[in-house]
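Report on the following structure.
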Amino acid sequence: MHIPAFASGRYLRIVRASGWYDLLVTWPFALPWTFAWLYAQLNLLAQALELPGTLHPLDTTHMLLANLLGSVVVVWSVARIVAPTVLLGRLDGVARFLFAAWQIYAVAHGANAIVLGFTAFELLFGVLQWWRVQGERPATACPPASEALRARAHGA
C-alpha cells in the first residue's frame with residue numbers, strides 16, 4: 001500500500017500551524033494571572049458540560065508547573081513559527097505523543113475529561129508531523145553532525 005507524502009512546503013506550513021496553535025492555546029499558561037483565569041473558565045465549561053472527572057483547586061505547585069510548561073511551550077512555538085524545519089516538526093510530533101499519553105493517563109486516573117479536547121489536537125498534529133515528506137530519507141530529518149562530533153565518534 002502506497003502512503004502519500006506531503007510536499008516539503010506543505011509540511012513546513014503544518015509545522016508552523018502547530019506552532020501557532022500552541023502559542024494561541026498555551027500563552028495563558030505562562031503567566032500566573034492568565035492561567036488562574038483560564039483554569040476558572042475551563043472549570044466552568046467542564047461543569048456546564050457535566051464532564052466526568054475533577055479539576056482540583058489551584059495551589060502554588062500547580063501554578064508553578066503550569067507557568068513553567070507555558071513558558072517553554074511559548075518559546076518552542078515561536079521557534080516553529082519563525083524557522084520551521086522537518087527536524088522541529090518531528091521533535092514536536094514526539095512531544096505531542098508524550099503529551100497525549102500523559103493527558104489520557106490523567107483522565108483515566110480522575111482528571112476532568114475536558115483535557116481530552118487538548119488531546120485530540122495533540123494527536124492530530126502529532127500524526128501530521130510524523131507523516132512522510134516527499135524526497136526525504138529518514139536520515140535527512142536530522143542535521144549533519146559537526147566535525148568535532150564526528151571526530152569524537154570515530155575516536156580521533
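The values are calculated or read from the model by the stated rules, or taken from the named source; none is laboratory data. All of these numbers come straight from a predicted model, not from anything done at the bench. With ideal geometry, Cβ positions are generated from the backbone for all residues, glycine too; neighbour counts draw on all protein chains shown. Note: areas computed on protein heavy atoms with side chains; ligands, DNA, RNA excluded. Shrake-Rupley method; radii C 1.70, N 1.55, O 1.52, S 1.80 Å.
So here's what we get for this one:
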| read-out | value |
| --- | --- |
| Residue count, the stretch 16-41 (criterion: out of contact with any Asp or Glu (no Cβ under 7 Å at 6 or more places or on another chain), open to solvent by less than 30 Å² (accessible area, probe 1.4 Å) and touching a residue at least 40 places away in the same chain (Cβ under 8 Å)) | 5 |
| Pairs where the first residue, in the stretch 73-88, is within 18 Å of Glu122 (Cβ to Cβ) and small (Gly, Ala, Ser) and the second is part of a helix (DSSP H, G or I) and open to solvent by 60 Å² or more (accessible area, probe 1.4 Å), C-beta under 9 Å, 6+ apart | Ser77/Trp20; Ser77/Leu24; Ser77/Trp27 |
| Yes/no for Ala46 being buried (at least 18 other Cβ atoms within 10 Å of the Cβ) and over 22 Å from Gly126 (Cβ atoms) | yes |
| Checking Ile3 against (1) assigned to a helix (DSSP H, G or I); (2) of a type in the set (A, V, I, L, M); (3) touching a residue at least 40 places away in the same chain (Cβ under 8 Å), the condition it does not meet | (1) |
| Pick from the stretch 117-131, criterion within 18 Å of Phe6 (Cα to Cα), touching a residue at least 60 places away in the same chain (Cβ under 8 Å) and part of a helix (DSSP H, G or I), ranking: most open to solvent (accessible area, probe 1.4 Å) | Leu128 |
| Any hit, the stretch 104-115, residues being open to solvent by less than 80 Å² (accessible area, probe 1.4 Å) and closer than 18 Å to Tyr21 by Cα | yes |
| Any hit, the stretch 49-62, residues being surrounded by 16 or more Cβ atoms within 10 Å (Cβ to Cβ) and part of a helix (DSSP H, G or I) | no |
